[in-house]
1. Taking the Cα centre of chain B as the origin, how large is its charge dipole in debye, to the nearest 20, when only Lys and Arg (+1) and Asp and Glu (-1) carry charge on their Cβ atoms?
2. Report, in listed order, any pair from B:28/B:53; A:88/B:39; B:28/B:50 with a Cα-Cα distance greater than 30 Å.
3. How are the C-alpha pair distances of the stretch A:41-137 spread across 5 Å bins, as whole percents from the shortest bin up?
4. To the nearest whole number, what is the average tally of beta carbon atoms from other chains within 10 Å of the beta carbons of peptide A:40-50?
5. Give me the inter-chain shielding for A:84-92: mean count of other chain Cβ atoms within 10 Å, whole number please.
6. Taking neighbour Cβ counts within 10 Å as the exposure measure, how do B:30, B:3, A:8, B:22 sort from fewest upward?
7. Measure nothing fancy, just the Cα-based angle from helix A:76-89's long axis to the longest principal axis of chain A, in degrees from 0 to 90, nearest 10.
8. For the Cα atoms of chain B, what angle does the longest principal axis make with the long axis of helix B:70-80, in degrees from 0 to 90, nearest 10?
Amino acid sequence: MKSDFWDTSALLALQCGSDDFHSAAESVFDGDCLAARRSRAEFYSAATGRMGVPPAVAWQLLESLDEFVEWISLSDAEEARVIKSAPKRGLQGRILFDALIAECATKSGCKTIVTANPTHFRHVLPHADIVDLTAQK
Amino acid sequence: MSTTVALDNFNRLPVSRQLRATAGFKPKQTLRAVAMPGKIIIEAMPSSGKLVKRKGRVVWTGELPAGVNSANAVNALRDEI
């Protein structure tokens with residue numbers, strides 16, 4: 001059963017062998033998982049941006065993930081609901097993107113989030129089990 | 001380290017020895033410059049890695065730039081949006 005939900009940072013750690021959190025990601029990955037569809041674009045963008053992965057390689061890494069990841073999307077209405085709730089939840093700045101990813105986890109029924117950015121998820125999804133890759137480094 | 005630099009009379013951007021040393025840049029090292037509105041990021045080029053199969057997945061073995069990891073790369077990306 002696919003039960004773990006991986007955020008963008010965790011997927012990058014899993015696919016980049018020299019990443020600080022690669023070993024932790026490898027040890028947690030059990031063969032398949034769920035992730036937000038928006039993480040596909042973030043994966044490519046972060047990989048080819050700050051991480052310096054060649055574009056053709058980044059695409060191959062992403063394509064490889066397609067075999068193991070079930071990508072979860074939000075409808076326009078679901079996305080609008082998250083953004084509308086942001087002021088009341090005290091969400092501002094980049095944490096909104098984690099709130100959108102967290103909503104995908106909630107939508108898919110996942111209770112476990114795997115991430116290398118745990119702080120935001122503890123805020124946007126306080127009742128989730130957070131697998132903190134940085135703590136397992 | 002953060003400091004102020006100014007373009008010279010020929011619009012060149014001087015990078016002090018201290019900045020280069022802090023970044024870990026070596027003489028004649030190839031760097032990558034990424035320009036976007038309001039900023040230019042100059043960083044070391046990652047080593048050329050290769051793609052290997054691990055547990056059925058394709059994994060890239062290339063080195064990442066100094067100080068960069070999956071967590072701060074995602075945060076930086078979102079800060080640029």
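1. My answer is approximately 500 debye.
2. Over 30 Å Cα-Cα: B:28/B:53; A:88/B:39.
3. 2, 12, 18, 20, 23, 15, 8, 2, 0
4. 5
5. Details: counts 0, 0, 0, 0, 0, 0, 0, 0, 0.
That works out to 0 on average.
6. Numbers: B:30 6, B:3 9, A:8 30, B:22 12.
Starting with the residue having the fewest Cβ neighbours, the order is B:30, B:3, B:22, A:8.
7. So the inclination is approximately 70 degrees.
8. 50
Every read-out reported here was derived from the displayed coordinates using simple, explicitly stated rules and does not represent laboratory data. Values in this document were obtained by computation on a predicted structure and should not be read as measured data. Note that we place each Cβ from the backbone using ideal geometry, even for glycine, and neighbour counts take in every protein chain shown.
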